[in-house]
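Only one structure is covered here, and it is reproduced in the block below.
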């Protein structure tokens, strides 16, 4: 089955991906802040923790964008 790729479906996919990405970033930022404060990290420790959080955060954002694109361009959802 072919995906429906019109301006309307692509703009909906961008909107859904943007909304969900912001929500995911807020959640990940909150968890990062809570862990850093609980462990009393500052300076170098906080940067190392941020680097540790970077890879899973990027993976979550890529997954969100793929799921939003698949959902919005699926012919069954139109």
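Considering only residues in segment 1-43 that are farther than 20 Å from residue 62 by Cβ and outside any helix (DSSP H, G or I), the one that is modelled with the lowest pLDDT turns out to be 1.
For segment 28-51, the tally of residues that are without any contact (Cβ under 8 Å) to a residue 12 or more places away in the chain and more than 20 Å from residue 64 (Cβ to Cβ) stands at 15.
With the structure loaded, tell me whether residue 46 is under 17 Å from the mean Cα position of the chain (by Cα) and at pLDDT below 95 or whether it fails that test. Considered against the rule, which asks whether it is under 17 Å from the mean Cα position of the chain (by Cα) and at pLDDT below 95, residue 46 comes out as no.
Quick check on segment 55-65: of everything there that is without any contact (Cβ under 8 Å) to a residue 40 or more places away in the chain and surrounded by 12 or more Cβ atoms within 10 Å (Cβ to Cβ), which residue is nearest to residue 8 (Cα to Cα)?
We begin by selecting, within segment 55-65, every residue without any contact (Cβ under 8 Å) to a residue 40 or more places away in the chain; these are 55-60, 62-63.
Applying the additional criterion that residues be surrounded by 12 or more Cβ atoms within 10 Å (Cβ to Cβ) yields 57, 60, 63.
Details: 57: 28, 60: 25, 63: 21 Å.
The extreme case among them is 63.
The values are calculated or read from the model by the stated rules, or taken from the named source; none is laboratory data. Just so you know, these numbers come straight off a predicted model, no measurement behind them. Heads up, the Cβs are rebuilt from the backbone with ideal geometry, glycines too, and the neighbour counts pull from every protein chain shown.
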